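Read through the structure below, which is laid out as structure tokens, and then see the notes.
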Amino acid sequence: MSYWTYINGTVTVSSMGRTTEESEYILKTVLNHLPRVTGSEGDMDVYIVRKNGDSSSISCDEFGQRTNNLITNRGIKSQRCGWLNVQNEYILVVNGSLRDREFEQTYREFIKWFIRLCKRVTCQNVLVEIWNGWDKRILIQNRNIQNEKYSWQSVFEAIHECPTWCNDSKEKYKEPNWCEFLMWESAKDSRYPMMLGYKYFRDKENDNEVQRRIRYQDKG
């Protein structure tokens, strides 16, 4: 007789990214590199549902330029009145019928998967149930903690590793978030990508830095 455990639930996450497309790419890459929650006939499935609408808007594109590809509230492209609308909030649906797994094993694997997820993207809401069909069942859900006198935060959201640009640590070294390595780097004092700046513009400081990096990579 086979042992089975079951997982079902949702996790609401927010992924970094300067555009909706970049945010979705980063989230998918994160999911592809998380530990597995296993079963002998297949692993836990994860489905990505992007929320409707947008979570933020800016009056320039991701390069910091006002272009005629910006979109107005009526859906018309306009350089003068358009906006770049970004949606970086998603609902992850997790589901699995995991064969030949004890409850404790599945619970450990899911917690490892979930904690790694929380470190890389912001997990705002979670409601996930794990059970074995017999006598063991657990519901993982939001639990708020007080991080300041009048401020409360989800314990899962607190696990998130802040990216270096918003890390207020006084230490000289700031640990980067895993997702930062998936984003292109901007030129100094600009939103414009460093490599495109090197390709299209004359900027001695930027050119020297790009050339230094190219030489460094060539040594590998």
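The values are calculated or read from the model by the stated rules, or taken from the named source; none is laboratory data. A quick note: this is a predicted structure, and the numbers were derived from the prediction, not measured. All Cβ positions, even for glycine, are placed from backbone atoms using ideal geometry, and neighbour counts span all protein chains on display.
The rows are residues; the columns are (1) at pLDDT 95 or above; (2) assigned to a helix (DSSP H, G or I); (3) more than 20 Å from residue 32 (Cα to Cα).
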residue: 80; (1), (2), (3): no, no, yes
residue: 92; (1), (2), (3): yes, no, no
residue: 134; (1), (2), (3): no, no, yes
residue: 140; (1), (2), (3): no, no, yes
residue: 146; (1), (2), (3): no, no, yes
residue: 158; (1), (2), (3): no, yes, yes
residue: 162; (1), (2), (3): no, no, yes
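Within the stretch 32-58, count every residue that is in contact with a strand residue (DSSP E or B) (Cβ under 6 Å, 6 or more places away or on another chain) and either of a type outside the set (A, V, I, L, M, F, W, C) or closer than 21 Å to residue 108 by Cα (or both).
Adding up the residues that qualify gives 13.
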Name the residue, out of 212, 202, 191, that is in a loop (DSSP other than H, G, I, E, B), loosely packed, with under 12 Cβ neighbours inside 10 Å and either of a type in the set (Lys, Arg) or in contact with an Asp or Glu (Cβ under 6 Å, 6 or more places away or on another chain) (or both). 202
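Pick from 25, 6, 47: which is touching a residue at least 60 places away in the same chain (Cβ under 8 Å) and over 22 Å from residue 133 (Cβ atoms)?
Result of the check over 25, 6, 47: 25.
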Of the residues 207, 168, which is modelled with pLDDT of 90 or more and either touching a strand residue (DSSP E or B) at 6+ places or on another chain (Cβ under 9 Å) or of a type outside the set (Phe, Trp, Tyr) (or both)? 207
Residue 18 - would you say it is basic (Lys, Arg) and surrounded by 17 or more Cβ atoms within 10 Å (Cβ to Cβ)? yes
So residue 89 passes all but one of these: (1) exposed (fewer than 14 other Cβ atoms within 10 Å of the Cβ); (2) under 17 Å from residue 51 (Cβ atoms). Which condition number does it fail? (1)
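This table checks each residue for (1) at pLDDT 95 or above; (2) out of contact with any Leu (no Cβ under 9 Å at 6 or more places or on another chain); (3) within 19 Å of residue 120 (Cα to Cα); (4) aliphatic (A, V, I, L, M).
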| site | (1), (2), (3), (4) |
| --- | --- |
| 26 | yes, no, yes, yes |
| 36 | yes, yes, yes, no |
| 43 | yes, no, no, no |
| 48 | yes, no, yes, yes |
| 53 | no, yes, no, no |
| 57 | no, no, no, no |
| 60 | no, no, no, no |
| 63 | no, no, no, no |
Provide a single number: the residues in the stretch 86-102 that are polar (S, T, N, Q) and touching a Leu at 6+ places or on another chain (Cβ under 9 Å). 1
Criterion violated by residue 174 - all others in (1) surrounded by 14 or more Cβ atoms within 10 Å (Cβ to Cβ); (2) modelled with pLDDT of 85 or more; (3) part of a loop (DSSP other than H, G, I, E, B) satisfied: (2)
Residue 82 vs. criteria surrounded by 14 or more Cβ atoms within 10 Å (Cβ to Cβ) and closer than 18 Å to residue 42 by Cα: no
